[in-house]
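Heads up, the thing below is written out as structure tokens.
The values are calculated or read from the model by the stated rules, or taken from the named source; none is laboratory data. The model shown is predicted, which means the values in this text are computed figures rather than measured ones. Don't worry about glycine lacking a Cβ; one is built from the backbone with ideal geometry, like all the others, and counts go over all protein chains shown.
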Amino acid sequence: MWGARSTKQNQKWSQIRAGWPDQEFRLYGAGTESGTYDYFTEAIVGKSHSSRGDYTASEDDNVLVQGVSTDVNGLAFLDLPTMKKIWINSNWLQLMTRMKQMEQVLYFLRLKQ
């Protein structure tokens, strides 16, 4: 999903896993100068500084939070302090549901590697 070659292969949830919605997803994440980006690409993609380029990148965490929180088909990677702020300021049930969805996506992506 986040790999550099995924840009053309994965545009919709249904392309990630059969049975998931046939809707386009949008991705949000830290900019390429961020330590969060460095860690994410190494840990999830498997190669530092190797990710698809068609995502909303920002060094401003608020931009990413606003984007993903208002986009039902959005998915973001964020740093832990930002996640803690969201946790404190969000409806707990909504956040847990969203985190469970993210956990399932990450688990599936790890299986594919």
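Applying the set (1) surrounded by fewer than 16 Cβ atoms within 10 Å (Cβ to Cβ); (2) of a type outside the set (S, T, N, Q); (3) assigned to a helix (DSSP H, G or I); (4) modelled with pLDDT under 80 to Glu42 leaves exactly one unmet item: (4).
Do we find that Thr41 is in contact (Cβ under 8 Å) with a residue 24 or more places away in the chain, of a type outside the set (Phe, Trp, Tyr) and touching a His at 6+ places or on another chain (Cβ under 9 Å) in this structure? Judged against the criteria, Thr41 is a match. Across the range 20-39, what is the total count of residues that are closer than 16 Å to Gly74 by Cβ and either at pLDDT below 85 or not acidic (Asp, Glu) (or both)? The qualifying residues number 9.
All of Asp71, Asp54 fail the test of being in a loop (DSSP other than H, G, I, E, B), in contact with a strand residue (DSSP E or B) (Cβ under 6 Å, 6 or more places away or on another chain) and at pLDDT 85 or above, apart from Asp71. Being among the small types (Gly, Ala, Ser) and either surrounded by fewer than 18 Cβ atoms within 10 Å (Cβ to Cβ) or touching a Gly at 6+ places or on another chain (Cβ under 6 Å) (or both) is the filter; apply it to the range 1-35 and report the residue that is farthest from His49 (Cα to Cα). This residue is Gly19.
The set of residues from the range 74-113 being modelled with pLDDT under 65 and under 12 Å from the mean Cα position of the chain (by Cα) comprises just one member, Leu109.
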